[in-house]
Amino acid sequence: MHNPYAPLRIKNRELLPIVQGGMGVGISASSLASAVARENAWGTIASIDLRHLHPDLLEESKKAKIESEYNRLNLIALDREIKQALALAEGRGMIAVNVMKAVKDYEAMIKQSCESGAQAIVMGAGLPLELPEITQDHPDVALIPILSESRGINIVLKRWMKKNRLPDAIVIEHPSHAGGHLGAPAMTDLSNERFSFRRVIEETMQVFKQLGLEGEKIPLILAGGMANFKKIQTAIKDWGASAAQIGTAFAVTQEGDAHMNFKKVLSEAKEEDIVEFMSVAGLPARGVLTPYLKKYLHNEAKLQGSAKADPRRCVQAMNCLSVCGLRDGISKIGQFCIDQRLTDAFNGDVRKGLFFRGKEPLPFGEQIRSVYETINYLLNGKAPNASL
């Protein structure tokens, strides 16, 4: 595949400047990540609750009674998915694992990912300040934080420099365009100018200069609303970005790990169907206005009014968030079990599922195309024939 840009250099790898974002629960696992890697790009496995891809682990889950048992099963699933992705990638590209700082057992997930052979750890949903210590026994694993503004980048760089470690790349995610949990403190903050890509890149370059890092060449990867050939061209050629990260456009590909109904919901969603709401993690989120979400938002005020701290309200107890509106009785944020709702979405249940999605149009509209066709469009602007 023709690449009109400089390669994305991570450790000793030269990759296409296209990054597939991590999407849980089970949306981006070994099938999708390996398909992206086989094109010599960067594929990502989302570490959250991968049991749903393994019937034997789901069956064993029925006997689990405490959170640690669920987490153990998920680590087994994570190990399987990483090893499967590496085998299917056939030595090409890069296989990364996305870990959310907001999940209580994130440290165990990071260590398991490294032990299973992951070539990179990507961490967001909080400042990954301790990532270098957790991975110190695996110096060949690339470390990539996800951040949304230069202030956070400055904090992470200063802390990591004290540990003699620098990020191998930095993902800059714009909360006004991305899907899923968004890196802004409040709904009213989503479109704040401080998150604009051009501004964050310019300010980050100043941070590099102030910290004496001008010669380090840390790649900056833009995420959120980047599934567009012309936007990628502008970002790399005009703004100085090294690559673009794409989520939803990969989630709906033929190789995506989720149910076909999931792909249809995301690909058929119109602009007016994509809404922002407060998630259980205390962060704004963006998804599709399905029957479930429409009903939930209608009843949100009532549910928040009756919020109370009670672990028994949790339907399931795996990969729990460190802060959860439902479990902890935090009335100002979401009042639902996010693991259950995302599991329903993964299985294609439109009535019960919570379907996260980015804000921007998809490259091929409602068409479900291949990973190859998607990457070729993103790099070269080449759309496939209309007929499927």
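Quick rundown of the values:
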| quantity | calculated |
| --- | --- |
| Tabulated pairs, the range 223-252, first within 18 Å of His2 (Cα to Cα) and of a type in the set (Ser, Thr, Tyr), second open to solvent by less than 30 Å² (accessible area, probe 1.4 Å) and at pLDDT 95 or above, C-beta under 7 angstrom, 6+ apart or interchain | Ser242/Leu8; Ser242/Pro17; Ser242/Pro219; Ser242/Leu220; Ser242/Ile221 |
| Residues of the range 10-30 satisfying the condition of being more than 25 Å from Asp344 (Cβ to Cβ) and either part of a strand (DSSP E or B) or open to solvent by 20 Å² or more (accessible area, probe 1.4 Å) (or both) | Ile10, Lys11, Asn12, Arg13, Glu14, Leu15, Ile18, Val19 |
| The lone exception for Ile221 - which of (1) farther than 22 Å from Arg198 by Cβ; (2) within 21 Å of the chain's Cα centre (by Cα); (3) not in a loop (DSSP other than H, G, I, E, B) it fails | (1) |
| Residue within the range 71-91 that is open to solvent by 10 Å² or more (accessible area, probe 1.4 Å) and modelled with pLDDT under 90 present | yes |
| Complete set of residues in the range 31-61 that are in a helix (DSSP H, G or I), in contact with a Gly (Cβ under 9 Å, 6 or more places away or on another chain) and open to solvent by less than 20 Å² (accessible area, probe 1.4 Å) | Leu32, Ala33, Ser34, Ala35, Val36, Ala37, Leu50, Arg51 |
| Out of Gln206, Gln254, Gln210, sole residue that is over 30 Å from Asp328 (Cα atoms) and under 22 Å from the mean Cα position of the chain (by Cα) | Gln254 |
| Within the range 266-298, considering residues that are part of a helix (DSSP H, G or I) and aromatic (Phe, Trp, Tyr), the one nearest to Ser331 (Cα to Cα) | Tyr296 |
| Unmet requirement for Leu58, which otherwise passes all of (1) in contact (Cβ under 8 Å) with a residue 12 or more places away in the chain; (2) in contact with a helix residue (DSSP H, G or I) (Cβ under 6 Å, 6 or more places away or on another chain); (3) not aromatic (Phe, Trp, Tyr) | (1) |
| Considering residues of the range 353-388 that are part of a loop (DSSP other than H, G, I, E, B) and hydroxyl-bearing (Ser, Thr, Tyr) only, the residue surrounded by the most Cβ atoms within 10 Å (Cβ to Cβ) | Ser370 |
| Lone unmet requirement of (1) of a type in the set (Gly, Ala, Ser); (2) on the phi > 0 side of the Ramachandran plot; (3) assigned to a helix (DSSP H, G or I) for Ala301 | (2) |
| Candidate set: the range 332-352, residues that are over 20 Å from the mean Cα position of the chain (by Cα) and open to solvent by 30 Å² or more (accessible area, probe 1.4 Å); chosen: the one nearest to Val103 (Cα to Cα) | Lys332 |
| In the range 167-185, residue most open to solvent (accessible area, probe 1.4 Å) [restricted to those that are under 11 Å from Leu222 (Cβ atoms) and either part of a strand (DSSP E or B) or free of Cβ contacts under 8 Å to residues at least 12 places away in the same chain (or both)] | Glu173 |
| Hits in the range 81-99 (condition: closer than 19 Å to Tyr372 by Cβ, out of contact with any strand residue (DSSP E or B) (no Cβ under 8 Å at 6 or more places or on another chain) and in a helix (DSSP H, G or I)) | Leu88 |
| Test: residue in the range 288-302 that is in contact (Cβ under 8 Å) with a residue 12 or more places away in the chain, touching a helix residue (DSSP H, G or I) at 6+ places or on another chain (Cβ under 6 Å), more than 22 Å from Lys104 (Cα to Cα) and open to solvent by less than 30 Å² (accessible area, probe 1.4 Å) | yes |
| Test: residue in the range 126-139 that is buried (at least 18 other Cβ atoms within 10 Å of the Cβ), under 15 Å from the mean Cα position of the chain (by Cα) and more than 28 Å from Ile375 (Cβ to Cβ) | yes |
| Pick from the range 212-265, criterion of a type in the set (Asp, Glu) and either modelled with pLDDT of 95 or more or touching a Leu at 6+ places or on another chain (Cβ under 9 Å) (or both), ranking: least open to solvent (accessible area, probe 1.4 Å) | Asp257 |
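The values are calculated or read from the model by the stated rules, or taken from the named source; none is laboratory data. Everything numeric here is computed off the predicted structure, so don't read it as measured data. Neighbour counts are summed over all protein chains in view; Cβ atoms, including those assigned to glycine, are modelled from backbone coordinates with ideal geometry. SASA here: full protein model, heavy atoms, side chains in, ligands and nucleic acids out. Shrake-Rupley method; radii C 1.70, N 1.55, O 1.52, S 1.80 Å.
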